[in-house]
Structures are given as structure tokens and as C-alpha cells.
Amino acid sequence: MSFLSGVDMIGGYGGADILKGCTIDVNEGEIAVIVGPNGAGKSTAMKALLGMLDLKQGDVSFRGKDISALTPQDRIAEGIAFVPQTNNVFTSMTVYENLEMGAFLRDDDFGGTIEQVYELFPILADKRDQLAGELSGGQRQQVAVARALMSQPAVLMLDEPTAGVSPIVMDELFDRILEVRETGVAILMVEQNARQALHIADRGFVLVVGENRHTDSGAALLADPEVRRSFLGG
Amino acid sequence: MEAVTDFINALVLVLNFVVVPGLSYGSQLALGALGITLVFGILRFANFAHGDTMAFGTMVTILVTWWLQSKGVNLGPLPTALLALPAGILLTILLLVVTDKTVYRYYRHRRAVPVTFMIASMGVMFMTNGIVRFVIGPNDQRFDDGERFIVHARDFKDLSGLSEGLSIKVSQGLTIVIAIILVVLLFWFLQRTRTGKAMRAYSDNEDLALLSGVDPDRVVLVTWIIAAILATIAGTLYGLDKSFKPFTYLQLLLPMFAAAIVGGIGNPVGAILGGYVIAFSEVMVTYAYKKVFIYLLPQSLEPAGLLQLLSTDYKFAVSFVILVLVLLVRPTGILRGKVL
Amino acid sequence: MSNARKTLLAFAAIAVLLLIIGFAQSWNVSLGILNLCLISAVMALGVNMQWGYAGLLNVGVMGFAALGGVSAVLVSQAPVVEAWDASWGRLLIAAICFIATVAAALFCYRRLPRGRTRNLALTFTIVAGLALTRLFLDPAISSIEAIEPAKTGFLGGMGLPIILSWLFGGLIAAGIAWCIGKVALGLRADYLAIATLGISEIIIAVLKNEDWLTRGVKNVTGLSRPVPYEIDLQGSAWFIDFTRWLYGGTLANLDGDAQQQALKQFVIDGSSIFVKVCYTGLFAAVLLVVLLLSVRALNSPWGRMMRAIRDNEIAAGAMGKDVTRRHLEIFVIGSAVIGIAGAMLTTLDGQFTPTSYQPLRYTFLIWVMVIVGGSGNNMGSVLGGFLIWLVWIEAEPVGVWLMQVGTGWLDEGNVVRIHLIENAQHMRLFFMGLVLLLVLRFSPGGILPEVVRRRK
């Protein structure tokens, strides 16, 4: 039984079904990556896990409990965090306030978590009083991930965290994500940069038109000649 | 020596007819514009009912003031209306919360476009206006009592020996003091409290705020409560300073909108700045400078006309022209507000 | 129920209501309401073009209607020759100064590079130009206003038939709308709303205060008419003969003095009804023309493009449609229609009273008409204009009556009762707001929703 899983999900945003029976799951301390061509429903699959679209069929369960009926807010309260692809920081608030907002639902003292996050992303400690809107793209992505971590989630979902950042920043972000995994958080991520993402992935899902085409460990997928030919450019 | 006295006289003149009225009117506008800008930031629509919300709150305050006055209750030198304010605020909160539950919430949950909200707010405006006129009538009402002046023009003349007097009305002094207190409280609330930060986050990025667990209904509720407090106080202060007439409050909508947009809509600091910019422009453009120049210039150069740029009837034109200028030159407002 | 049947039914209902009012109250009242219904319908059509076709929120209907009103004065009043004689030279110079100022300001704005220099140059040009203009305008104004202030004290008009003002009013409104549109269109939707709200307040302020142009709050009364005067009708032989023929049956039963007396009364009553019917004919003709043109325009490729822009501005823009330009077109046309209606209204009133322009009556009530009738549907707007005007007029007596009945258990002299009855008229505002909100919520398309044609 996986930690967070969506099984045989079918659904879309009202019109035609985007997901046509796909299964995604992730375990504790593991990085799972969803890759695939444009329009395959990668982000949609992730949003389905978060409850942002109505599924016609399929169940989402978390820690062995069926959460299909919960609203996104309730799922977040259960311990799932989500970093959207764009508009993922509060631009008019300081870095520190962004982190505070991440901990909005927590009643306990989150000073310790902030210290951990600063350790993970040292640049944020330096920029804590700066407005998030004034930071560079890569720094904003760090704020976004850090904000999500502030709720001490059991699962962290990232929607294309490296979209629009330079290759150097991308490598650094992946390093950070590996470090986050060390803290025991389950990480589920949608990525355009399939090759790099599969390198750090424990497991990968290759989605094509809303269905699972390949599901295996990251290394196995990288080694699979068909996957290489069709999705990784040889 | 005479030149110095003349200069001081001119200064007092400007102080008396431009600075003091500008400060108090600006504070009233700022409080009103704050309400508009908060509603805009959180609910994302221009609230046409805000002027009538002010009128409603002021009306309740006036009724309670009259009742208190009839019971012989008063605050000595201060206007009795201050005692009645809490009642006005409470009923206005009730009004706004009920309109939200019955009108706006439906559209919010359907994620309707802002224009729909605006038209709905016109409906609310009609209804509120109807209630106010029905209860208190369309005419001018006065409800000020207590001391009229903090500084009396005659006393000032006697004390200073100047030929120009400076007078500060109690209502003007009160307006400025209360506005400062309210603004400080509001900013403390927005910057320091959990709910205030949730409001800012929601205004900045609604989706992300929801992902962070902010409860939208609660944020909206608090916004209406703050808007009600600000509107009632602004309306009552305006009524004490000038007079209360439902139609005037409807007309205040334009300078308040102008203030909010000029400062940068959705930005509270901008609303305050905009309030003073609009108020001072209005007062300065419509003031007749003849006497000031008589003091400042040698007798031979005495001005012939009133030296009034615009007649006071055109004060709305002033807010409008500034609004248009800002729209042309810098549509986001002086301090960057939202551009949706 | 199909829209066509609904339309028929709704108009039949209104006709029946007007007939009831005609029989129960009087035909004069009924026709008076009908005439205002027609004008309201034209105004609502103008707003519907802007809102229904293009999604533009014009909250300055009052201002455009008032521009139509003042054009009735400027077209029909006889020129005040003394005032022109006393002031024309200065007026001319002032006008030249003003035009030069505007031209110089535009030149600065267009030709100078963005930045501080341009702003300073602009400010200086405008301030200096306006000061120069006023140097000539102010004495001109005082010389105009000095001439028989109790009777004229203004420049008067062009002395043309008042019916031309309907056209002229449309043109003035279109001109002002173009200026506003240039500034506020292309920005956020709510900015146009606030800008139009502002311009309408300013237009009213100008009309109230520029006595030399409009006599201001002294009003202009006794405007000429496009239809005959009652008193002339009563004196003309053909009308008396017509009345005699019309009431032949009744009159035959009377004799001598009584017959003369009755005929006289019939002629007096008949003349005022005849005048109203003439107006009805004129207004109905205008309404029909505007309606036909609107319907044709809406169904033309141009109308389709408008609606496409309204429904998805970004997509339409991506298809190469110049969204801002199209918006400007429709905004100007819609405002012109409002201006026409405003001129018709002042013609009907026979006087121009700037203080009568209230935003609730002239802006927001028209909005209620459009929304309740059905935004985007021309017949809907006409229906809304009729229906809401009827309700608006009849709500007052009904409200008072309700209050009287409702407080019947209270003492005649009870303070509360007197207050309630006296203020009952204001409840119609409340009622209108309620109607607007209910329609918006439960039937957002209005009574006659927009017809979306799908190609099979």
C-alpha cells in the first residue's frame, strides 16, 4: 500500500476527459516523477491527487485512508503540500512572511521549521526581509518550495519546479529536492526535463494521453530503450 | 517688520483655508478610499455601494445621537455622535455581512467576473439608498453638538496680534486624530496579525492563499467588517464636519474612487496618499488666492480678480482630472496597485 | 416559452396595463407614461449596445442624457443678439486660445519623448493656455450674463426647429464619448465605469454653473415644440370639427348651451391628448429606427465580431481584431443614442432643468431596465424600458397606498405613520435594487435573454 496514491483516475475540467485511467503513487522518502509529452495530463494527474478536479472514476488514498471526497483545503490540512508552476509566491510579502503563510494552518511554534528551511535554502535567510517579488526566478522557486515545506507536509507535490530557470539553477534545485527527500518527505513532481528528473527519481511514470505508458524505477526507465527513443530523445 | 507680519498673515490664511480643511477632508476621503481599496483587493471589484454604506452607518449614528441627546446624555465638549458610533458601526457591519451572504457570496463561489459584482453592487447601492432615504429622508440633517472650535479665530487673533485668524473646528481636529489612530490600527492589523496577513496573502495571490489553508469566507467577512468600521467613521466625521445628506454621500463615491485609483487600487498606503492628494487638489484649486497675494505683493501689484482657478462647484472636476491624468500616465497609480 | 411568444405576451401585458391606467386614471396620464416609456426604451437601447453587445460598463448615462438635453436648448432657443454683440470678439479669441491650447498640448504629448521634460512642457502649456483663455472668456461671460439676467443672461441657441436637436444631441454625446473612450478604453473594465461616472458628474456641474451657456440653475423654460400647442389646437377650426365628428353621438343628445359647453370641454381634453399622441408618434418613429438599425447591426458581421470580442477579448485580439478600436466605436454609438433620447426627453418636458439630473434616475434606473429586460437582446431592452418605467412611476402611488393600508391600525396623527407615508416614495429605490438583484441572480439573462444562434 503506497503512501499517497491515485488509482485508475478518469476525469477532466468539465469537457473531454484528460485522464483516462491513470495511476500515480508515491512512498515515504521517495521521489516520484511524472514525465511525458505535452498534453499528456501530467499536471492534471497531480491536480487530481490534490482534489482540484472532479474525478469521474478512481480513488485517491493517503496513509491508507480514502480522501477522494475531501476538498483541496482539507487535503492540505491532512499533510499534502503543493507548489504550483506559476504564481507560486506572494510577491507583495517578504520572504519571511511567505514562509509564515506556509505555516498558516499550524498552531505550534514553527521557529524550528524556519531554521530547517533556512539551512536547506541558505539564500532565503539572507533575503528574509526582502519582498518575494523582487527576487530572481530561481530564488522565487526556492521560496515557493520552502513555503510548501513550512506546513511540514508528508507529501510535497511540485508542478514543473524547473520551468523557466537556467540549467545551473535547475541542478541546484534538484540538489535541494534530494536534500528534502532526506528529511523523509515523499516527493511527487511533474517535469519537462525528463532526463534530469529521472536521474534523481526513485520511480517514474511516463504518461501518454492520460494513461500510464511506462512505470518503473527512474534508473530502469532511463535504461529502457523504448523510453529513451520515444521520450528522452535517443 | 511689516513684510514679516504680512508673510505670516498670508501663511495663516493658507493654513486656515487650505491646510486645515485639506487635512480633515483628506482624512475623510482616505478612510473612505481605504474601504474601497480593501474590498477591491480582497473581493476584486469596485464597490459602488460604498458611498451609501457610509450614508447608512452615519444615519444610524445620527439616530442614536438624537436619542442620546433627547435623554440628556452628552460628552461635554466632544460631539455626542462619538458615543453613538459603536451602534452605527455594529448595524453597518450587520448590513454588509447580510449583503455578502445574500448577494456577493453566490457570485464569489461561482467565480463570477468582476463586472457582475459591480452590477450587483449597484443593486445593493439602490437598496441601501432607499433604506436611508426612507428612514431619515432625503434632506440635510445636523447632529453636531458640544464645543464647536478648538482654536477660535478671534482668540487666535487676540493672542497673536495678527490680522488673520486661524480656526480649527472640533470636528476637524477629531477627524485628523481619529484617522491617524484608525490607520495605525489598520496597518498594525494587516502587518502583524495572523488574520491581517491572511488578508494580504489572499489579496496578493488568491489561489496560493487557498493552498496555504486560508479560509476565504473568513477573510471576506473580516474585510466587510473593516470596511463597515471605516465607512461609518468616515461618514460620521464627514457629517460632523459638513452636514449629512444622503445624496452628498452618493456623490462622495467619485472622489473616493479617484483617491483609491490615484494611490494604486488595492494598496492601502496608496488609498491614504490618494485621499490627501485629491483633497488638497480640490481645496487648492478652488481657493481664491486674492487675499494671500494682497499680503505678499506690494500694493501696486494688487491682483484684480479673485485668483480662483476654478469655482467650488467644480471640485468633482478636480478629482476627475487627476484620475484621468493618472490613468493616462501611470494606470497602476502612484504606488503600484493591482492591474488585473 | 420561446422568446417571440414571451415578447408578444410581455408587450401585450404592458398594453393592457396602459389601457387600465387610461380607463382608471386618465388617458392623459396613460399617454404621458407611454411617451416616457418610449424615451426610456431608446436610452436602454443605447446602454444595451455598450453593455449587451460589447460588455462596456457605462455608469455615466446621466451625463450623456444631459448633453442631449442641453442640445435641445442650444438648437431651439432664439439667439440672444445683444449677448452676442457684447461678447463675440472676446468669445472668438477665447475659443481660438482654447483650441490652440489643446493643439499645443497634443503636440507636446505626441512629439516630445516620454519623461520629465514632456510632463513639464505639458503642464506649462495647459496652465498658460487656460489662463490665457480665461483672460478673454471671463469678461465675455460677465458681459453675457449682465444682459437681462432675469430673462436671458445667456447666449441663447441657434433658433432652429427643436427636432434637429435630437440629431445634434446625439452628435455632442458622441463627441464627448469619443474623448472618454480614448482615455479609459483599453484599461480595466472598472476604470471605464469610474471614468464615465466622473464625466457625468462634471457634465452636470458644467450645465449647472455655466450660466452664459445654459442659464444654469435658472433653467430654460418654454422651449419650442415639434408638435402643435394645445391653445392653437383649441382655436383651430379643423380640430373643433374633428372633435365634433369624434364625439358626434354624445353631442347629439345635448342641446344648445350644454352642447357648446360639452364640446368646449372635449376640445380642451382632446387637444392635450392630441399633443401627446403626436409626441408618441415621433418617439415611436425614433425608437423603431434605432431598433431596426440595432437589430441589423447586431446580426451583421460587425455585430458578430462585437459579441466575439465581448465573450473572449484575448481570443478576438489574437485573431487580429482591434479590440480597443471596436470598443471605441460601440461606446460612441451607444452614447449617441443616449444623447438622442436625452434630447427627446427635454423636448417633451419643454424645459431644461440641470438640477433634475440625478444619477439614480438617469444612470442606474436605465441599467435596471437593460438588465431586467435582457442584456444583449434589443427587444429585451425595449421591454425593460417600458416595464421598469411603468413600475417606477406606479410604485410611488402604490407604495404610499401600501403604507396607508399597512399603518391603518395606527392613529391618523401618529408620528411613525406620517413618517412612513411621507417617505414611502423612497422605497421604490429599494424595490428597484431588489428587482435588479433578483434578476441578476435568478435569471441573469433577463426576461428576454440574448438569442445565441447556432449553425446547425
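The values are calculated or read from the model by the stated rules, or taken from the named source; none is laboratory data. Keep in mind that what you see is a predicted model, and the values were worked out from it rather than measured. Note that we place each Cβ from the backbone using ideal geometry, even for glycine, and neighbour counts take in every protein chain shown. Each accessible area value is taken on the protein alone, full model and side chains, heavy atoms only, with ligands, DNA and RNA left out. Shrake-Rupley method; radii C 1.70, N 1.55, O 1.52, S 1.80 Å.
Just a few scattered comments:
- Translational diffusion of region A:35-136, µm² s⁻¹ [Kirkwood Rh, Cα pairs; Stokes-Einstein; 37 °C; 0.692 mPa s]: 206
- For region B:100-106, backbone phi angles converted through the Karplus equation (6.51, -1.76, 1.60; θ = phi - 60°) give residue-by-residue couplings of 5, 5, 8, 10, 6, 4, 4 Hz, Gly and Pro being listed as x.
- Taking 30 Å as the limit for the C-alpha separation, the pairs B:K245/C:K218; B:K101/B:K245; C:K6/C:K182 exceed it in the case of C:K6/C:K182.
- Heavy atoms of C:R304 accessible to a 1.4 Å probe, total area in Å² rounded to 10: 130
- DSSP beta bridges confined to the protein assembly as shown are antiparallel in about 60 percent of cases.
- In this simple spin-label approximation, C:L410 and C:A315 carry label points 7 Å from Cα along the Cα→Cβ vector, and these lie 5.7 nm apart.
- Debye log10 I(q)/I(0) at q = 0.10, 0.18, 0.21 Å⁻¹ for region C:121-235, Cα point scatterers: -0.49, -1.20, -1.28
- Gaussian network model of chain A, springs between alpha carbon atoms under 10 Å - residue of A:I76, A:I168, A:I24 with greatest fluctuation: A:I168
- Counting only protein chain heavy atoms and rolling a 1.4 Å probe, the accessible areas of B:Y295, B:Y202, C:Y247 rank, largest first, as C:Y247, B:Y295, B:Y202.
- Nonlocal amide H pairs with B:L166, under 5 Å, H built at 1.01 Å: B:F156, B:K157
- Label-to-label distance, A:E28 versus C:A146, with points set 7 angstrom from Cα along the beta-carbon direction: 9.8 nm.
- Rg ratio for region A:60-106: its Cα radius of gyration over 2.2 N^0.38 Å, N being its residue count, equals 1.39.
- Applying 1/(1 + (r/R0)^6) with r as the Cβ-Cβ distance of C:N3 and C:K182 and R0 = 35 angstrom yields a FRET efficiency of 0.45.
- Residues B:T248 and C:A262, FRET efficiency given R0 of 56 Å [Cβ-Cβ distance, rounded to 0.05]: 0.60
- Shielding by partners - mean other protein chain Cβ count within 10 Å, residues of C:194-204: 6
- Accessible surface of B:R336 - all protein chains present, 1.4 Å probe, nearest 10 Å²: 150
- Each residue of region B:244-256 was assigned a 3J(HN,Hα) from its phi angle through the Karplus expression (A = 6.51, B = -1.76, C = 1.60, θ = phi - 60°), giving 9, 8, x, 5, 4, 6, 4, 6, 5, 3, 5, x, 5 Hz with x at Gly and Pro.
- Amide H partners (placed H, <5 Å) of B:L78, local residues excluded: B:E147
- Computed with a 1.4 Å probe on the full set of protein chains, the accessible area for C:F136 sits at about 60 Å².
- Taking a sphere under 13 Å around the Cβ of C:F331 and counting the other residues whose Cβ falls inside, with K and R at +1 and D and E at -1, yields a net charge of +3.
- Think of it as helices only: each DSSP H run of n ≥ 4 in chain C is worth -39500 (n - 2.57), and spread over all residues that comes to -25000 deg cm²/dmol at 222 nm.
- Helix-only CD estimate at 222 nm, as mean residue ellipticity for chain A, using -39500 (n - 2.57) per DSSP H run (n ≥ 4): -10500 deg cm²/dmol
- The alpha-carbon of A:K127 sits under 28 angstrom from the alpha-carbons of these lysines, leaving out residues fewer than 8 places away in its chain: B:K197, B:K338.
- J(HN,Hα) series, region C:52-67, from Karplus relation 6.51 cos²θ - 1.76 cosθ + 1.60, nearest Hz, glycine and proline x: x, 7, 10, x, 8, 9, 9, 9, x, 3, 3, x, 5, 5, 5, 4
- Sorted on the mean count of surrounding Cβ atoms within 10 Å across their residues, most packed first, peptides C:84-90, C:267-273 read C:267-273, C:84-90.
- Heavy-atom accessible area, probed at 1.4 angstrom with all protein chains present, ranks C:C278, A:C22 as C:C278, A:C22, highest first.
- Straight-line cross-link reach from B:K242 at under 25 Å between alpha-carbon atoms covers these lysines, not counting any fewer than eight positions away in the same chain: B:K71, B:K157, B:K169, B:K290, B:K291, B:K315, C:K208.
- Reported to the nearest whole Å, the Cα centre-to-centre distance from region C:328-398 to region A:210-226 is 67.
- Other protein chain Cβ atoms within 10 Å, averaged over every residue that makes up B:131-137: 6
- Residues in region B:157-200 that a label on B:I8 would reach, taking backbone N under 19 Å of a point 7 Å out along Cα→Cβ: B:157-168
- Gaussian network model of chain A, springs between alpha carbon atoms under 10 Å - residue of A:K42, A:K56, A:K20 with greatest fluctuation: A:K56
- Take the Kirkwood radius over Cα pairs of chain C, plug it into Stokes-Einstein at 20 °C and 1.002 mPa s, and you get 86 µm²/s for translational diffusion.
- Solvent-accessible area of the protein assembly as shown (1.4 angstrom probe, protein heavy atoms only): carbon and sulfur portion equals 63 percent.
- When the alpha carbon gyration tensor of chain B is reduced to an equivalent ellipsoid, the three semi-axes, largest first, read 37, 24, 18 Å.
- Overall Cα dimensions of chain A - principal axes, largest extent first, Å: 47, 41, 32
- Its residue count N fixes a reference of 2.2 N^0.38 Å for region A:133-234, and the Cα radius of gyration divided by that reference is 1.13.
- Using equal-weight Cα scatterers in the Debye expression, the normalised intensity of region C:1-93 in log10 at q = 0.22 Å⁻¹ is -1.12.
- Computed across region C:81-155, the Kirkwood radius stands at 13.6 Å (inverse of mean 1/r, all Cα pairs).
- Each listed q (0.07, 0.10 Å⁻¹) maps to a log10 I(q)/I(0) for the protein assembly as shown from the Debye sum over equal C-alpha point scatterers, namely -0.77, -1.34.
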